[in-house]
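Input: a single structure, listed below in structure tokens.
The values are calculated or read from the model by the stated rules, or taken from the named source; none is laboratory data. Since we're looking at a predicted model, the values are computed, not measured. Positions of Cβ are generated from backbone atoms using ideal geometry, with glycine treated the same way; all protein chains shown enter the neighbour counts. Calculation scope for accessible area: heavy atoms of the full protein, side chains included, ligands and nucleic acids excluded. Shrake-Rupley method; radii C 1.70, N 1.55, O 1.52, S 1.80 Å.
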Amino acid sequence: MKVIYSEKHCLHNPPKEFELGRFVPYKECTGRVDSILSSLRARNLGEIVAPNDYGLGPIAAVHSKEFIAYLQNAYEEWVKVGGNPEGVFPDVSAVRDFANLRKWKQNPPQRNFPYSRDGGPLGRPGYYCFDMTGVIAEGTFQAAYEAAQVALTGAELLIEEKAHGIFALCRPPGHHAQRDLCGGYCFFNNAAIAVRHLIHVLKVGRVAIIDIDYHHGNGTQEIFYENSNPLYVSLHGALDYPFYWGAEDEVGENEGAGFNVNVPLKMGTQDKEYIEALQTIIDTRVKEYNPQIVVVSLGVDTYANDPIGGFFLTTPAYIQIGRALSSLRCPTLFVMEGGYAVEEIGDNVTNVLQGFEN
Ligand code: SP5
Ligand code: ZN
């Protein structure tokens, strides 16, 4: 399986995040990718190629221009007003009502609009970031831009080479990033950008996204909430981070009604229950949709020793996950998301890809 990778991910390297009220080492670290690369190479998974550059256009087709400008300028503005050079942390919360975000957007509170009154260099972080782990450091914009190009290149090659599988080794990850919100280690939504490109530029009729990261992909859900293409399916830890999204009754709206499928699983879920739940949703909702392309948001923070996930999957289970995904017999783009057990992330990811191939 071809792997798309850029070493520019290293430009994003904030030293710290805020967790439970303490500064702790940033868990979405560069070493994650080193671990993945070394497993891929050790098992000869496939050729590792650099991404092409598709510019900002495909990113701007998913994210608002104000948000893109924010990510581009936030760090410099922050340092200029005396902010910690280790990265941008919000001074305020702009109190968007997340549970009712869609309604809020239809009827925005006048005081927060227009965007020119979004709070200036110290107000903007609270407006455009929903948590304390979407830390913007010096090279974050460039790295996030590059991660989106990695995903886009994966989408292009999947079609051009009629490949069965491609792995876009993106970092930073993307599935928590909404149209104009970063957070959860995510800035640009790599998978959503690739999917939109597949549908609107490469003219794929039906795309299904299967999000197997431990956390609900609130960003991907929000971006496609009113669309019937793609189908979005997420398996995730119930009632865990990001807390305000991921319930079963979030099914999509308007044209998208019925095309957003959340499968929350209880904390402590183990191999057997997880694989059954995955195979069931594949055999029902995904097969009914009959996708021409599948995009997998590949997180392995479902692993038992993951420092933030609440499931107990073992390393061999990831082979079975790969097999379950291959049972669709559909060309598949794997887009890297979470997974923070640095030592084992490489083997877990490679197991999914090898299980898919065999
Ligand atoms: C892409 C992705 O996986 N993002 C995840 C972001 C999660 N950020 C906050 C996690 C806080 C977990 N705190 C749990 C403490 C238990 N040790
Ligand atoms: Zn995650």
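For region 221-236, the condition of being within 13 Å of ligand 1 (Cβ to nearest atom), open to solvent by less than 10 Å² (accessible area, probe 1.4 Å) and not in a loop (DSSP other than H, G, I, E, B) holds for at least one residue. Would a scan of region 251-261 turn up a residue that is in a helix (DSSP H, G or I), open to solvent by 20 Å² or more (accessible area, probe 1.4 Å) and touching a residue at least 60 places away in the same chain (Cβ under 8 Å)? No.
Of everything in region 128-144, what is of a type in the set (Gly, Ala, Ser) and either not assigned by TED's automatic domain parsing to the domain that holds residue 184 or not in a helix (DSSP H, G or I) (or both)? Give them in sequence order.
Those that are of a type in the set (Gly, Ala, Ser) and either not assigned by TED's automatic domain parsing to the domain that holds residue 184 or not in a helix (DSSP H, G or I) (or both): 134, 137, 139.
As a summary of the residue check, residue 53 satisfies the conditions (1) open to solvent by less than 70 Å² (accessible area, probe 1.4 Å); (2) at pLDDT 95 or above; (3) more than 16 Å from ligand 2 (Cβ to nearest atom); (4) of a type outside the set (Lys, Arg) except for the one numbered (1).
Counting the residues of region 326-346 that are assigned to a helix (DSSP H, G or I) and within 16 Å of ligand 2 (Cβ to nearest atom) gives 3.
Which one is farthest from ligand 2 (Cβ to nearest atom) among residues in region 156-180 that are among the small types (Gly, Ala, Ser) and in contact with a strand residue (DSSP E or B) (Cβ under 6 Å, 6 or more places away or on another chain)? Ranking the qualifying residues of region 156-180, first place goes to 165. Of all residues in region 76-93, those satisfying the criterion of being crowded, with 21+ Cβ neighbours inside 10 Å and over 12 Å from residue 128 (Cα atoms) are 78, 87. A single entry from 6, 39 fulfils the requirement of being open to solvent by less than 20 Å² (accessible area, probe 1.4 Å), farther than 22 Å from residue 142 by Cβ and touching an Asp or Glu at 6+ places or on another chain (Cβ under 6 Å): 39. Residue 266 falls short on exactly one of the conditions (1) farther than 22 Å from residue 131 by Cα; (2) open to solvent by 10 Å² or more (accessible area, probe 1.4 Å); (3) in contact (Cβ under 8 Å) with a residue 40 or more places away in the chain, and that condition is (3). Here is a check on your reading of the model: is residue 210 among the hydrophobic types (A, V, I, L, M, F, W, C), in contact (Cβ under 8 Å) with a residue 24 or more places away in the chain and within 16 Å of ligand 2 (Cβ to nearest atom)? Considered against the rule, which asks whether it is among the hydrophobic types (A, V, I, L, M, F, W, C), in contact (Cβ under 8 Å) with a residue 24 or more places away in the chain and within 16 Å of ligand 2 (Cβ to nearest atom), residue 210 comes out as yes. Restricting attention to region 181-191, the residues being within 13 Å of ligand 2 (Cβ to nearest atom), in contact with a helix residue (DSSP H, G or I) (Cβ under 7 Å, 6 or more places away or on another chain) and farther than 21 Å from residue 329 by Cα number 1. Within region 149-163, none of the residues are of a type in the set (S, T, N, Q), in contact (Cβ under 8 Å) with a residue 40 or more places away in the chain and outside any helix (DSSP H, G or I). Taken over region 181-199, the criterion of being touching a strand residue (DSSP E or B) at 6+ places or on another chain (Cβ under 6 Å) and not in a helix (DSSP H, G or I) is satisfied by 182, 183.
None of 343, 273 is more than 16 Å from ligand 1 (Cβ to nearest atom), surrounded by fewer than 17 Cβ atoms within 10 Å (Cβ to Cβ) and free of Cβ contacts under 8 Å to residues at least 12 places away in the same chain except 273. Are any of the residues in region 251-270 within 16 Å of ligand 2 (Cβ to nearest atom), small (Gly, Ala, Ser) and either modelled with pLDDT of 95 or more or closer than 26 Å to residue 162 by Cβ (or both)? Taking every residue of region 251-270 in turn, none turns out to be within 16 Å of ligand 2 (Cβ to nearest atom), small (Gly, Ala, Ser) and either modelled with pLDDT of 95 or more or closer than 26 Å to residue 162 by Cβ (or both).
Would you point out which residue out of 296, 349 is under 22 Å from residue 6 (Cβ atoms), part of a strand (DSSP E or B) and within 15 Å of ligand 2 (Cβ to nearest atom)? Only one candidate qualifies: 296. Residue count for region 301-317 satisfying the condition of being within 16 Å of ligand 2 (Cβ to nearest atom) and either open to solvent by 40 Å² or more (accessible area, probe 1.4 Å) or out of contact with any strand residue (DSSP E or B) (no Cβ under 8 Å at 6 or more places or on another chain) (or both): 6. Find all pairs meeting these conditions: Cβ atoms under 8 angstrom apart; at least six residues apart or on different chains; first residue within region 1-19 and over 14 Å from residue 84 (Cα atoms); second residue open to solvent by 70 Å² or more (accessible area, probe 1.4 Å) and outside any loop (DSSP other than H, G, I, E, B). From region 1-19, the pairs are 1/357; 8/142; 11/142; 12/142.
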